[in-house]
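Coordinate-derived values only; no laboratory data. Every value quoted in this text rests on a predicted model; they were computed, and no experiment measured them. Don't worry about glycine lacking a Cβ; one is built from the backbone with ideal geometry, like all the others, and counts go over all protein chains shown.
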Amino acid sequence: MFRPDLSCLDPFAARFIRAKVRQLIGRAGFTESDRPDLLQEFVVNLFERAEKFNSTMASWEGFVVVTCQNHFVTILERCSAQMRSRDRESGSLNAAPRTGKRGDIGSTIPESQQDRRTGSRSRSHEEQFGVAHDLAEVISTFPPRLRELCRRIMSGSSKAAAAKELGMSQAELYEVLGRIRSRFEKAGLRDYLK
């Protein structure tokens with residue numbers, strides 16, 4: 001296997017580049033087999049930017065850190081853009097399924113697939129009813145203004161919009177949300193907070 005020679009770099013730069021590559025492995029589809037290419041890419045990027053290094057403005061170590069960190073972010077953004085590319089799409093989820101069924105392809109995907117992708121799990125109807133009942137019970141103990149804030153947020157308003165409609169400042173909103181969170185946590189509903 002090809003191993004890039006990092007002996008052309010000072011020990012700090014070599015260590016830092018190895019660390020950044022180690023952080024990339026396992027992210028954005030990178031595997032251990034990508035390590036040599038990533039190392040080489042970081043070294044080339046550092047050499048290309050080294051001509052802009054000014055020792056009166058920063059230390060070499062600081063320059064290496066900023067340059068490598070920026071390249072790290074650039075690599076992740078590039079991978080993310082490729083994943084979102086329209087070229088990867090084989091069709092729209094809004095298209096009609098080939099099976100001849102009514103609706104669209106998106107409606108044929110079971111919830112368990114979305115749950116696996118997002119790392120969440122759907123609650124049964126009984127669980128949803130229990131959560132709604134528990135939330136309503138806790139909210140019923142709130143003063144009227146807090147109850148109204150909760151009602152507006154639960155009906156789809158953003159926190160900021162609900163607070164504005166109720167004449168709350170941003171500072172007051174944060175203080176009130178902290179009190180609401182505390183009450184839900186005391187009631188054992190921490191898992192249902194966003």
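Length gain on complete extension for the stretch Gln69 to Asp10, per 0.36 nm per residue less the alpha carbon to alpha carbon distance?
Value of the extension gain: 19.5 nm.
For segment 11-84, treating each Cα as an identical point scatterer without solvent, what Debye log10 I(q)/I(0) comes out at q = 0.12, 0.17 1/Å?
Computed log10 I(q)/I(0) values: -0.33, -0.63.
Can you give me the P(r) profile for segment 127-183? Cα pairs, bins 5 angstrom wide beginning at 0, each as a whole percent.
With a bin width of 5 Å, the distribution comes to 4, 20, 29, 26, 14, 6, 2, 0.
Note down the net charge around Trp60, summing +1 for each Lys or Arg and -1 for each Asp or Glu among other residues with Cβ under 14 Å from its Cβ.
0
Determine the gain in length on full extension of the stretch Lys186-Val131; use 0.36 nm per residue of separation and subtract their C-alpha separation, reporting nm with one decimal.
In short, 18.3 nm is gained.
Once phi is turned into ³J(HN,Hα) by the Karplus curve 6.51 cos²θ - 1.76 cosθ + 1.60 with θ = phi - 60°, what whole-Hz value does each residue of segment 160-174 show in order, with x for glycine and proline?
Each residue's phi maps through the Karplus curve to give 5, 5, 4, 5, 4, 4, 8, x, 8, 6, 5, 4, 5, 4, 4 Hz.
What nm value, rounded to one decimal, do you get for the distance between Gln170 and Val44 when each label is placed 7 Å out toward the C-beta?
Taking the two extended label points, one gets 4.4 nm.
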